[in-house]
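Engineer: Have a look at this one.
The values are calculated or read from the model by the stated rules, or taken from the named source; none is laboratory data. Note that the structure is a prediction, hence the values are computed from the model and not measured. Here the Cβ positions follow ideal geometry from the backbone for every residue, glycine too, while neighbour counts run over all protein chains shown. Each accessible area value is taken on the protein alone, full model and side chains, heavy atoms only, with ligands, DNA and RNA left out. Shrake-Rupley method; radii C 1.70, N 1.55, O 1.52, S 1.80 Å.
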Amino acid sequence: MAVGEPEIDDVSFLNVGGGGGGGRNYEQMGGPQMHSRQLICSQRKATCITLVIAAAIIAVAMISAFSRPSVIYKCGRDSLDNRSTSAAFQPIAESGQLFPWNSSRLPQAVKPNRYDVRLQIDLDSFFFNGSVSIQMQVIAPTDLIVLHSNNLTITKYYVKSHKSRSRIDIEEMHVYKPWQMVAFKLQKPLAVNEELDLTIEYEADLVSKLTGLYKSSYTAEDGEKRFIATTQFEPTYAREALPCFDEPNFKATFLLNIIRNKNLIALSNKPVAHSHSGKVREVDSI
(Lines give C-alpha, C1' and ligand atoms only; values in the text may rest on other atoms or scores of the structure.)
Protein backbone atom coordinates (compact mmCIF):
# COMPACT_ATOMS: atom_id res chain seq x y z
CA MET A 1 0.00 0.00 0.00
CA ALA A 2 1.39 3.40 -0.99
CA VAL A 3 1.78 6.11 1.55
CA GLY A 4 -1.24 8.40 1.59
CA GLU A 5 -3.83 5.82 0.54
CA PRO A 6 -6.72 5.33 2.99
CA GLU A 7 -6.43 2.22 5.18
CA ILE A 8 -9.50 0.05 4.78
CA ASP A 9 -8.56 -3.21 6.48
CA ASP A 10 -10.40 -2.37 9.70
CA VAL A 11 -13.65 -1.39 7.95
CA SER A 12 -13.90 -4.20 5.43
CA PHE A 13 -17.18 -5.31 7.10
CA LEU A 14 -18.80 -2.22 5.49
CA ASN A 15 -18.23 -3.44 1.93
CA VAL A 16 -21.59 -4.17 0.32
CA GLY A 17 -20.59 -4.58 -3.35
CA GLY A 18 -20.35 -8.01 -4.92
CA GLY A 19 -17.41 -7.71 -7.37
CA GLY A 20 -14.34 -5.48 -8.11
CA GLY A 21 -11.88 -4.13 -5.66
CA GLY A 22 -12.62 -3.19 -2.20
CA GLY A 23 -11.36 0.34 -2.91
CA ARG A 24 -14.17 1.10 -5.33
CA ASN A 25 -16.88 -0.08 -2.90
CA TYR A 26 -15.28 1.88 -0.16
CA GLU A 27 -15.31 5.09 -2.22
CA GLN A 28 -18.92 4.53 -3.28
CA MET A 29 -19.96 4.44 0.40
CA GLY A 30 -18.37 7.74 1.08
CA GLY A 31 -14.94 6.84 2.36
CA PRO A 32 -13.78 7.51 5.89
CA GLN A 33 -16.34 10.23 6.58
CA MET A 34 -19.29 7.88 5.97
CA HIS A 35 -17.65 5.23 8.20
CA SER A 36 -17.39 7.75 11.04
CA ARG A 37 -21.06 8.65 10.70
CA GLN A 38 -22.03 4.97 10.75
CA LEU A 39 -20.07 4.38 13.96
CA ILE A 40 -21.52 7.44 15.69
CA CYS A 41 -25.04 6.38 14.68
CA SER A 42 -24.49 2.88 16.00
CA GLN A 43 -23.19 4.19 19.34
CA ARG A 44 -26.18 6.49 19.78
CA LYS A 45 -28.60 3.70 18.91
CA ALA A 46 -26.93 1.32 21.36
CA THR A 47 -27.05 3.96 24.11
CA CYS A 48 -30.75 4.58 23.49
CA ILE A 49 -31.54 0.85 23.56
CA THR A 50 -29.59 0.45 26.82
CA LEU A 51 -31.47 3.32 28.47
CA VAL A 52 -34.84 1.92 27.33
CA ILE A 53 -34.02 -1.53 28.75
CA ALA A 54 -32.82 -0.02 32.06
CA ALA A 55 -36.00 2.06 32.36
CA ALA A 56 -38.13 -1.02 31.66
CA ILE A 57 -36.33 -3.02 34.39
CA ILE A 58 -36.79 -0.21 36.92
CA ALA A 59 -40.48 0.10 36.03
CA VAL A 60 -41.06 -3.65 36.47
CA ALA A 61 -39.27 -3.60 39.83
CA MET A 62 -41.37 -0.68 41.09
CA ILE A 63 -44.61 -2.31 39.92
CA SER A 64 -43.66 -5.53 41.72
CA ALA A 65 -42.81 -3.65 44.93
CA PHE A 66 -46.01 -1.63 45.09
CA SER A 67 -48.51 -4.17 43.77
CA ARG A 68 -48.42 -6.63 46.70
CA PRO A 69 -51.80 -8.00 47.87
CA SER A 70 -53.43 -5.51 50.18
CA VAL A 71 -54.05 -6.46 53.81
CA ILE A 72 -57.65 -6.17 54.96
CA TYR A 73 -58.09 -4.22 58.18
CA LYS A 74 -61.30 -4.30 60.09
CA CYS A 75 -62.33 -2.87 63.42
CA GLY A 76 -63.61 -5.37 65.95
CA ARG A 77 -65.93 -4.79 68.87
CA ASP A 78 -64.07 -1.87 70.42
CA SER A 79 -62.88 1.45 69.10
CA LEU A 80 -59.25 0.58 69.90
CA ASP A 81 -59.29 -2.93 68.45
CA ASN A 82 -56.43 -4.31 66.38
CA ARG A 83 -56.27 -5.86 62.92
CA SER A 84 -58.84 -8.40 61.89
CA THR A 85 -57.62 -11.55 60.21
CA SER A 86 -60.45 -11.49 57.67
CA ALA A 87 -63.74 -9.70 57.29
CA ALA A 88 -65.53 -13.04 56.81
CA PHE A 89 -63.60 -15.20 59.27
CA GLN A 90 -65.38 -16.19 62.48
CA PRO A 91 -63.38 -18.36 64.93
CA ILE A 92 -65.27 -21.11 66.72
CA ALA A 93 -64.58 -21.54 70.44
CA GLU A 94 -64.18 -24.89 72.20
CA SER A 95 -67.79 -24.58 73.34
CA GLY A 96 -68.93 -24.71 69.71
CA GLN A 97 -70.10 -21.08 69.85
CA LEU A 98 -68.56 -18.15 68.02
CA PHE A 99 -65.48 -16.81 69.73
CA PRO A 100 -66.32 -13.16 70.51
CA TRP A 101 -63.05 -11.79 69.08
CA ASN A 102 -61.88 -12.22 65.47
CA SER A 103 -58.23 -11.12 65.50
CA SER A 104 -55.04 -12.97 66.38
CA ARG A 105 -53.90 -9.85 68.26
CA LEU A 106 -55.44 -8.78 71.55
CA PRO A 107 -57.85 -5.84 71.70
CA GLN A 108 -56.58 -2.60 73.20
CA ALA A 109 -59.68 -1.66 75.18
CA VAL A 110 -58.31 -3.01 78.48
CA LYS A 111 -54.70 -2.89 79.67
CA PRO A 112 -53.04 -4.53 82.70
CA ASN A 113 -51.19 -2.55 85.37
CA ARG A 114 -50.18 -5.25 87.85
CA TYR A 115 -50.15 -9.05 88.24
CA ASP A 116 -50.36 -10.85 91.59
CA VAL A 117 -49.37 -14.44 90.87
CA ARG A 118 -49.38 -17.49 93.15
CA LEU A 119 -47.77 -20.76 92.03
CA GLN A 120 -47.72 -24.05 93.92
CA ILE A 121 -45.50 -26.64 92.27
CA ASP A 122 -45.46 -30.36 93.06
CA LEU A 123 -42.21 -31.99 91.89
CA ASP A 124 -43.39 -35.43 93.03
CA SER A 125 -46.43 -35.62 90.76
CA PHE A 126 -45.12 -33.03 88.25
CA PHE A 127 -48.16 -30.81 88.53
CA PHE A 128 -48.77 -27.18 89.40
CA ASN A 129 -51.72 -24.98 90.21
CA GLY A 130 -51.86 -21.24 90.40
CA SER A 131 -53.92 -18.12 90.57
CA VAL A 132 -53.44 -14.70 89.07
CA SER A 133 -55.16 -11.45 89.95
CA ILE A 134 -54.73 -8.84 87.24
CA GLN A 135 -55.34 -5.19 88.03
CA MET A 136 -56.55 -3.54 84.81
CA GLN A 137 -57.66 -0.19 83.50
CA VAL A 138 -60.35 0.36 80.88
CA ILE A 139 -59.10 2.40 77.90
CA ALA A 140 -62.24 2.24 75.74
CA PRO A 141 -65.83 1.13 76.44
CA THR A 142 -66.10 -2.64 76.15
CA ASP A 143 -67.92 -5.66 77.53
CA LEU A 144 -65.10 -8.04 76.60
CA ILE A 145 -61.80 -9.03 78.25
CA VAL A 146 -59.48 -11.10 76.05
CA LEU A 147 -56.08 -12.44 77.11
CA HIS A 148 -53.73 -15.34 76.41
CA SER A 149 -53.74 -18.81 77.96
CA ASN A 150 -52.05 -21.92 76.58
CA ASN A 151 -52.40 -25.48 77.93
CA LEU A 152 -53.84 -24.23 81.23
CA THR A 153 -57.06 -25.58 82.68
CA ILE A 154 -59.05 -22.68 84.14
CA THR A 155 -61.02 -23.80 87.18
CA LYS A 156 -62.42 -20.53 88.54
CA TYR A 157 -62.68 -16.88 87.52
CA TYR A 158 -64.35 -13.64 88.58
CA VAL A 159 -64.08 -9.87 88.11
CA LYS A 160 -64.32 -7.18 90.78
CA SER A 161 -64.30 -3.42 90.79
CA HIS A 162 -60.92 -2.35 92.11
CA LYS A 163 -62.39 0.42 94.26
CA SER A 164 -65.73 -0.90 95.50
CA ARG A 165 -64.67 -4.59 95.46
CA SER A 166 -68.13 -5.45 94.16
CA ARG A 167 -68.45 -8.31 91.67
CA ILE A 168 -68.90 -7.62 87.98
CA ASP A 169 -70.98 -10.38 86.43
CA ILE A 170 -69.37 -12.50 83.72
CA GLU A 171 -71.88 -13.81 81.19
CA GLU A 172 -69.66 -16.49 79.66
CA MET A 173 -66.08 -17.61 79.07
CA HIS A 174 -64.77 -18.86 75.71
CA VAL A 175 -61.46 -20.51 74.76
CA TYR A 176 -59.96 -20.47 71.27
CA LYS A 177 -56.90 -22.73 71.17
CA PRO A 178 -55.49 -21.84 67.70
CA TRP A 179 -54.81 -18.30 68.96
CA GLN A 180 -54.18 -19.42 72.57
CA MET A 181 -56.83 -16.98 73.79
CA VAL A 182 -59.51 -16.88 76.45
CA ALA A 183 -62.35 -14.34 76.37
CA PHE A 184 -64.63 -13.22 79.21
CA LYS A 185 -67.92 -11.72 78.06
CA LEU A 186 -69.35 -9.34 80.68
CA GLN A 187 -73.03 -8.69 81.23
CA LYS A 188 -72.60 -4.94 80.91
CA PRO A 189 -70.02 -2.64 79.31
CA LEU A 190 -67.15 -1.20 81.31
CA ALA A 191 -66.65 2.55 81.52
CA VAL A 192 -63.50 4.35 80.40
CA ASN A 193 -60.87 4.74 83.19
CA GLU A 194 -62.66 2.16 85.31
CA GLU A 195 -60.26 -0.06 87.27
CA LEU A 196 -61.02 -3.72 87.87
CA ASP A 197 -59.40 -6.93 89.07
CA LEU A 198 -59.71 -10.15 87.10
CA THR A 199 -58.89 -13.26 89.15
CA ILE A 200 -58.29 -16.63 87.49
CA GLU A 201 -57.46 -19.94 89.15
CA TYR A 202 -55.93 -22.67 86.99
CA GLU A 203 -53.83 -25.85 86.90
CA ALA A 204 -51.58 -27.76 84.50
CA ASP A 205 -49.12 -30.61 84.21
CA LEU A 206 -45.42 -29.91 84.62
CA VAL A 207 -43.89 -31.43 81.50
CA SER A 208 -40.43 -31.58 79.92
CA LYS A 209 -40.17 -28.78 77.37
CA LEU A 210 -38.30 -25.49 77.05
CA THR A 211 -41.16 -23.00 77.27
CA GLY A 212 -43.40 -21.50 79.94
CA LEU A 213 -43.18 -23.25 83.32
CA TYR A 214 -41.62 -26.65 82.70
CA LYS A 215 -39.81 -29.63 84.22
CA SER A 216 -36.07 -30.05 83.91
CA SER A 217 -33.43 -32.16 85.66
CA TYR A 218 -29.79 -32.32 86.68
CA THR A 219 -27.43 -34.88 88.16
CA ALA A 220 -26.24 -34.21 91.70
CA GLU A 221 -22.70 -34.88 92.91
CA ASP A 222 -23.76 -38.23 94.34
CA GLY A 223 -25.07 -39.27 90.90
CA GLU A 224 -28.74 -38.87 91.79
CA LYS A 225 -31.05 -37.40 89.14
CA ARG A 226 -32.99 -34.50 90.57
CA PHE A 227 -35.83 -32.47 89.10
CA ILE A 228 -36.46 -28.74 89.05
CA ALA A 229 -39.22 -26.45 87.78
CA THR A 230 -37.96 -23.56 85.70
CA THR A 231 -39.34 -20.89 83.38
CA GLN A 232 -38.86 -19.39 79.93
CA PHE A 233 -41.31 -16.57 79.23
CA GLU A 234 -39.87 -14.98 76.09
CA PRO A 235 -41.01 -14.25 73.49
CA THR A 236 -44.59 -15.55 73.91
CA TYR A 237 -44.33 -18.31 76.51
CA ALA A 238 -45.58 -16.59 79.67
CA ARG A 239 -49.09 -17.69 78.65
CA GLU A 240 -48.03 -21.29 79.40
CA ALA A 241 -47.43 -20.42 83.07
CA LEU A 242 -50.31 -18.01 83.73
CA PRO A 243 -53.19 -16.36 81.87
CA CYS A 244 -51.87 -12.94 80.83
CA PHE A 245 -51.70 -10.23 78.18
CA ASP A 246 -48.74 -11.82 76.43
CA GLU A 247 -47.85 -9.10 73.91
CA PRO A 248 -44.94 -6.61 74.17
CA ASN A 249 -47.08 -3.47 74.37
CA PHE A 250 -48.90 -4.66 77.51
CA LYS A 251 -46.36 -3.66 80.16
CA ALA A 252 -47.12 -4.31 83.84
CA THR A 253 -45.48 -5.06 87.18
CA PHE A 254 -45.47 -8.48 88.86
CA LEU A 255 -45.67 -9.84 92.39
CA LEU A 256 -44.88 -13.58 92.41
CA ASN A 257 -45.61 -15.88 95.36
CA ILE A 258 -44.08 -19.36 95.14
CA ILE A 259 -45.39 -22.03 97.50
CA ARG A 260 -42.78 -24.80 97.95
CA ASN A 261 -41.86 -27.68 100.21
CA LYS A 262 -39.37 -26.80 102.92
CA ASN A 263 -36.71 -29.10 101.47
CA LEU A 264 -36.70 -27.06 98.23
CA ILE A 265 -35.42 -23.59 97.41
CA ALA A 266 -36.69 -20.90 95.04
CA LEU A 267 -34.27 -18.87 92.91
CA SER A 268 -35.02 -15.76 90.88
CA ASN A 269 -33.22 -12.99 89.03
CA LYS A 270 -34.96 -10.66 91.47
CA PRO A 271 -34.37 -10.61 95.25
CA VAL A 272 -36.92 -12.27 97.51
CA ALA A 273 -39.04 -9.58 99.17
CA HIS A 274 -40.02 -11.77 102.12
CA SER A 275 -40.70 -15.39 103.10
CA HIS A 276 -42.98 -17.00 105.63
CA SER A 277 -43.20 -20.61 106.78
CA GLY A 278 -46.00 -23.05 107.39
CA LYS A 279 -45.85 -26.55 108.84
CA VAL A 280 -44.89 -28.20 105.55
CA ARG A 281 -44.37 -25.43 103.03
CA GLU A 282 -42.84 -22.00 102.70
CA VAL A 283 -43.97 -19.04 100.61
CA ASP A 284 -41.44 -16.82 98.85
CA SER A 285 -42.64 -13.45 97.58
CA ILE A 286 -40.64 -12.08 94.68
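Engineer: Under 5 Å between amide hydrogens, which residues at least 5 positions from residue 237 or on another chain qualify, with H placed 1.01 Å from N in the peptide plane?
Structural biologist: For residue 237, whose amide H was placed from the backbone, there are no distant partners under 5 Å.
Engineer: R0 = 35 Å: FRET efficiency of residue 187 with residue 230, Cβ-based, nearest 0.05?
Structural biologist: After rounding, the FRET efficiency stands at 0.30.
Engineer: Then there's this: At a 1.4 Å probe radius, which order do 244, 48 fall into by accessible area, largest first?
Structural biologist: 48, 244
Engineer: Another question, then. For the range 159-171, in order, what is each residue's ³J(HN,Hα) by Karplus, 6.51 cos²θ - 1.76 cosθ + 1.60 with θ = phi - 60°, in whole Hz (x at glycine and Pro)?
Structural biologist: Each residue of the range 159-171 in turn: 10, 10, 5, 5, 8, 7, 6, 7, 5, 10, 5, 9, 6 Hz.
Engineer: What distance in nm lies between label points placed 7 Å from Cα along the C-beta direction at residue 140 and residue 62?
Structural biologist: Once both label points are built, they end up 3.6 nm from each other.
Engineer: A further question follows. Contour minus end-to-end for residue 54 and residue 167, with contour as 0.36 nm per residue of separation and end-to-end as the Cα-Cα distance?
Structural biologist: Length gained, residue 54 through residue 167: 33.7 nm.
Engineer: Tell me the relative contact order for the range 132-194 as a rounded percent, counting alpha carbon contacts under 8 Å between residues six or more apart.
Structural biologist: Relative contact order comes out at 46 percent.
Engineer: Would you work out which of 204, 249, 271 lies farthest towards the positive end of the dipole of the range 166-277? Charges go on Cβ: Lys and Arg +1, Asp and Glu -1.
Structural biologist: Checking the options against the dipole of the range 166-277, the answer is 271.
Engineer: Mean separation of Cα pairs under 8 Å and 6+ residues apart, divided by the residue count of the range 205-278: what relative contact order is that in percent?
Structural biologist: Answer for the range 205-278 is 19 percent.
Engineer: Report the label-to-label distance for residue 90 and residue 251 in nanometres (one decimal), using points 7 Å from each Cα along the Cα→Cβ vector.
Structural biologist: 3.9
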